[in-house]
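See structure below.
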2 protein chains.
Amino acid sequence: MTELEKQGAAAKDAAYTLAVAGTERKNAALLAIADALEARAADWLAANAEDVAAARKNGMTDALLDRLTLTEARVRGVADGARQVAALPDPVGTVVSSVTRPNGLQIERVRVPLGVIGIIYEARPNVTVDAAALCLKAGNACILRGGREAFASNRCAVEIMRNALRAVSLPEDSVALVQDTSRASAKELMELTEYLDVLIPRGGAGLIRSVAAAAKVPVIRTGEGVCHIYIDRAANLEMGAEILYNAKCSRPSVCNAAECVLVHADVLEAFWEKAAPLLAQKRVRLRADAAALRVLGAAAEAAADADWDAEYGDYILAVKTVESLDEALAFIRAHGTGHSEAIVTEDAASAERFLNEVDAAAVYVNASTRFTDGGEFGMGAEIGISTQKLHARGPMGLEEMCSWKYLVRGNGQVR
Amino acid sequence: MTELEKQGAAAKDAAYTLAVAGTERKNAALLAIADALEARAADWLAANAEDVAAARKNGMTDALLDRLTLTEARVRGVADGARQVAALPDPVGTVVSSVTRPNGLQIERVRVPLGVIGIIYEARPNVTVDAAALCLKAGNACILRGGREAFASNRCAVEIMRNALRAVSLPEDSVALVQDTSRASAKELMELTEYLDVLIPRGGAGLIRSVAAAAKVPVIRTGEGVCHIYIDRAANLEMGAEILYNAKCSRPSVCNAAECVLVHADVLEAFWEKAAPLLAQKRVRLRADAAALRVLGAAAEAAADADWDAEYGDYILAVKTVESLDEALAFIRAHGTGHSEAIVTEDAASAERFLNEVDAAAVYVNASTRFTDGGEFGMGAEIGISTQKLHARGPMGLEEMCSWKYLVRGNGQVR
């Protein structure tokens, strides 16, 4: 057995215990983890300082360094995150449906954990705890593989979590960290079908795609977002400009931010009169098609083909003019990633067509795509936003980190 | 583009239309398919006769020949199956949940089709229509790849179905058949990630495992069943014997049939006194451990290690004696396939432990495992019994052939 297979087998054993551990013990573990992270903040910060120093030496960019770096405030934030997960309702054991059949069999469909979840992510030490806490609450064991630049931080965090688990008499192997940060170990994790029930990559589009392409374990694709705002001919243009501004500028780096606006030709000038000054406040660079360029002039540059599929994650916006709702729908179908799509319109028939025909996790009428989020949807924390259709679609909260089983009670029925 | 990529692209286009086609048109298509299959039964039977003649010449076994062969009665059965699917409730468009958030956003979670489903199966022409009908009802396009020994039958059935679709103005590419029956084309289908949302292998364990190992498209594993009946020390032994007899003998070839019985040592003799004569009626061969052999004598033979993991699909039964419920649970965990497991007991505490701790799609108290079936569970027809935890577990009916999307209605909300 390789090291990783041993971790897999231990995680699978732990998962059997976690599956029946009950809400109280799982919550006790989460609170113990939160307390221990704060009590041992100095250790965690010291380990993180090692990572940061090495990364700086190796020329890591400032943006990535910022995501790698822990501070006392961030440690408190991570600990509070674990406490918030403890406060969420436990999905495990919920009776999803129940029926008594004519032959007297009582059939209940009950939520149960998935089992063992693998998480592959980048050099963000907070994800180590956030992901483990969510897995734990839903009764799942997890095997974590974070970016190697954060290895010292992750090792320390996982050791703290394993100690806390032991302290409340839950198996420490409920949370495991891949010790080997080579590419070979990532590949081995992606092929660990005997022990992993699912693999969730968290991070940029490059990471997601490479994991989805290489994995033999079932993968849930998350966070690929080329989201559109369509300004219909019947739009309230003021509202449209506000929604676009929010969807683009409130947090451009996240996956539910808008990357492209589609504007109906009939309202082209009137819309940009309202929208351009707003976007200019944040110096948003506009990459526009010819029709929009004529209106926007020097405020925009010409779009290239690649702009229609770009996930900028930045203050850049692709701008496309369309002649009809049909053209907008076809464009979204060709260029969307199935994440979040919005129409701004006062025309109820157009709104309903958009809702029905757009094939995406979340489809909006007269609201910003930025709401696609577990918290905003009322499901508490989320492990990611799924852009696939199998198992989970959209924000993936605790319920989506579960499977179900059928419990059947009889009194001697045979068939 | 390869032929298969063209079929994939066409199926994806068709899926967009099917997704919004509405219940009436889908039902009209199913009824048209049923009528056309009966009207053109002579064509289908002639094509099938070609397949059967070739297969016989190539030395196909009688059991496989029986599954390959169509008769007038079987054609009527297949057509009636399509009519029954038409009569089932349409899962698409169902509002699964709905919430109005404090900010006024109305969020509905609505069932939508998965998209394009690939089905890989053996030389059983009836599956061609059964699978296509279920896909169609749930709004999914399908790409079918049946065993090459049934190719002429399948080509004829698919042509009949495509004509029927056209007749009701639905896209004929909603149902496609892979034209190349080589291994290379199977591999290409298993890697058609751009067009397939999921791949469902239907058939024996060998087929399922090879598809799961080779596919890049997400696979739903179905139908692997090493199911156990555990006769507890507190069992009603008469009931236990009847349940075991039913689970083993009512249809030994199917995946929900029992392959192994676990008997508590305290009731070993008393149980076998009741069960052995029943099983002997069907000449069930018993492969027993040492303790059971002492009781069963010449009626059994000694089990080998391989018997504990065997899916016989036949009148053979592995027999294991256990000292406790704990031992039974550990044995099932080591040897079960997560399909269906049953305890026979009058002890409520043991029953609840078994229900909670056994990790399987369906867990039974005092009933036969043979009930794990879409029809028996009240969900109508099924495409298979999933033994995995992701997306669908247990009988996979029309609802499980769907995904969902979130429809969000606002009046200008920004975040």
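The values are calculated or read from the model by the stated rules, or taken from the named source; none is laboratory data. All values derive from a computational prediction rather than experimental measurement. Every residue, glycine among them, receives a Cβ derived from its backbone with ideal geometry; neighbour counts consider all protein chains shown. Please note that ligands, DNA and RNA were not included when accessible areas were found on the heavy atoms of the full protein model with its side chains. Shrake-Rupley method; radii C 1.70, N 1.55, O 1.52, S 1.80 Å.
Here are a few things to note about the model shown:
- Any hit, the range A:93-116, residues being away from chain B (no Cβ under 14 Å), among the hydrophobic types (A, V, I, L, M, F, W, C), crowded, with 18+ Cβ neighbours inside 10 Å and touching a residue at least 60 places away in the same chain (Cβ under 8 Å): no
- Checking A:Gly147 against (1) in contact with a Gly (Cβ under 9 Å, 6 or more places away or on another chain); (2) open to solvent by 20 Å² or more (accessible area, probe 1.4 Å), the condition it does not meet: (2)
- Hits in the range B:399-415 - residues which are under 22 Å from B:Gly204 (Cα atoms) and touching a residue at least 60 places away in the same chain (Cβ under 8 Å): B:Met401
- The helices (runs of 4 or more DSSP H) located wholly in the range B:41-140 that include 2 or more residues which are over 25 Å from B:Ser210 (Cβ atoms) and among the basic types (Lys, Arg) occupy B:41-57, B:72-87.
The rows are residues; the columns are (1) of a type outside the set (Asp, Glu); (2) closer than 27 Å to A:Arg83 by Cβ.
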site: A:Lys26; (1), (2): yes, yes
site: A:Leu30; (1), (2): yes, yes
site: A:Ile33; (1), (2): yes, yes
site: A:Glu38; (1), (2): no, yes
site: A:Asp43; (1), (2): no, yes
site: A:Arg56; (1), (2): yes, no
site: A:Thr61; (1), (2): yes, no
site: A:Arg67; (1), (2): yes, yes
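- Residues in the range A:34-46 that are under 17 Å from A:Ala164 (Cβ atoms) and either among the aliphatic types (A, V, I, L, M) or open to solvent by 60 Å² or more (accessible area, probe 1.4 Å) (or both): A:Ala34, A:Asp35, A:Ala36, A:Leu37, A:Glu38, A:Ala39, A:Arg40, A:Ala41, A:Ala42, A:Asp43.
- Test: residue in the range A:294-302 that is closer than 25 Å to A:Ala360 by Cβ and either open to solvent by 40 Å² or more (accessible area, probe 1.4 Å) or among the aliphatic types (A, V, I, L, M) (or both): no
- Apart from one condition, B:Arg415 fits all of (1) in a helix (DSSP H, G or I); (2) open to solvent by 50 Å² or more (accessible area, probe 1.4 Å); the exception is (1).
- Within the range B:75-87, considering residues that are within 20 Å of the chain's Cα centre (by Cα) and not hydrophobic (A, V, I, L, M, F, W, C), the one farthest from B:Leu37 (Cα to Cα): B:Gln84
- Residues of the range B:348-359 satisfying the condition of being under 21 Å from A:Gly115 (Cα atoms) and either facing another protein chain (nearest Cβ under 9 Å) or open to solvent by 40 Å² or more (accessible area, probe 1.4 Å) (or both): B:Glu352, B:Arg353, B:Leu355, B:Asn356, B:Glu357, B:Val358, B:Asp359
- Hits in the range B:234-254 - residues which are out of contact with any strand residue (DSSP E or B) (no Cβ under 8 Å at 6 or more places or on another chain), within 25 Å of B:Glu323 (Cβ to Cβ) and more than 10 Å from chain A (Cβ to nearest Cβ): B:Ala234, B:Ala241
Listed here are the residues, each with its yes/no results for (1) open to solvent by less than 40 Å² (accessible area, probe 1.4 Å); (2) out of contact with any strand residue (DSSP E or B) (no Cβ under 6 Å at 6 or more places or on another chain); (3) in a helix (DSSP H, G or I).
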| residue | (1), (2), (3) |
| --- | --- |
| B:Glu159 | no, yes, yes |
| B:Leu170 | yes, yes, no |
| B:Asp180 | no, yes, no |
| B:Ser185 | yes, yes, yes |
| B:Glu188 | no, yes, yes |
| B:Glu194 | no, yes, no |
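- So B:Ala73, is it surrounded by fewer than 19 Cβ atoms within 10 Å (Cβ to Cβ), more than 14 Å from every other protein chain (Cβ to nearest Cβ), of a type in the set (A, V, I, L, M, F, W, C) and over 23 Å from B:Gly206 (Cβ atoms): yes
- Restricted to the range A:208-233, and to residues there that are part of a helix (DSSP H, G or I) and of a type outside the set (A, V, I, L, M, F, W, C), the residue that is farthest from the other protein chains (Cβ to nearest Cβ) is A:Ser210.
- Selection of the range A:322-347 for residues being open to solvent by 40 Å² or more (accessible area, probe 1.4 Å) and of a type in the set (Asp, Glu) yields A:Glu323, A:Asp326, A:Glu327, A:Glu346, A:Asp347.
- Screening the candidates B:Ala360, B:Ala328, B:Ala318 for the property of being at pLDDT 95 or above, in a strand (DSSP E or B) and of a type in the set (Gly, Ala, Ser) yields one hit, B:Ala318.
- Note on the range A:1-33: residues that are open to solvent by less than 30 Å² (accessible area, probe 1.4 Å) and touching a Gly at 6+ places or on another chain (Cβ under 8 Å) total 4.
- Filtering A:Ala150, A:Ala186, A:Ala167, A:Ala176 for residues that are under 30 Å from B:Ile220 (Cβ atoms) and modelled with pLDDT of 95 or more leaves a single hit, A:Ala176.
Table: residues versus (1) within 30 Å of A:Val344 (Cβ to Cβ); (2) within 15 Å of the chain's Cα centre (by Cα).
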| residue | (1), (2) |
| --- | --- |
| B:Ser324 | no, no |
| B:Asn356 | no, no |
| B:Gly380 | no, yes |
| B:Ser403 | yes, no |
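- Taken over the range A:255-293, the residue count meeting the criterion of being open to solvent by 30 Å² or more (accessible area, probe 1.4 Å) and within 11 Å of chain B (Cβ to nearest Cβ) is 0.
- Residue that is surrounded by the fewest Cβ atoms within 10 Å (Cβ to Cβ) [pool: residues in the range A:226-252 that are out of contact with any helix residue (DSSP H, G or I) (no Cβ under 8 Å at 6 or more places or on another chain) and closer than 17 Å to A:Ala318 by Cα]: A:Pro252
- Hits in the range A:389-411 (condition: more than 7 Å from chain B (Cβ to nearest Cβ), in contact with a strand residue (DSSP E or B) (Cβ under 9 Å, 6 or more places away or on another chain) and outside any strand (DSSP E or B)): A:Ala392, A:Glu399, A:Glu400, A:Met401
- Any hit, the range B:196-218, residues being in contact with a helix residue (DSSP H, G or I) (Cβ under 6 Å, 6 or more places away or on another chain), open to solvent by 10 Å² or more (accessible area, probe 1.4 Å) and at pLDDT 95 or above: no
- Identity of the residue in the range A:360-388, open to solvent by 10 Å² or more (accessible area, probe 1.4 Å), at the interface with another protein chain (Cβ under 7 Å from one of its Cβ atoms) and touching a residue at least 24 places away in the same chain (Cβ under 8 Å), that ends up farthest from A:Pro113 (Cα to Cα): A:Asn366
- Test: residue in the range B:47-67 that is under 20 Å from the mean Cα position of the chain (by Cα), surrounded by 13 or more Cβ atoms within 10 Å (Cβ to Cβ) and charged (D, E, K, R): yes
- Residues satisfying the stated conditions in the range B:331-347, i.e. at the interface with another protein chain (Cβ under 10 Å from one of its Cβ atoms) and part of a helix (DSSP H, G or I): B:Arg333
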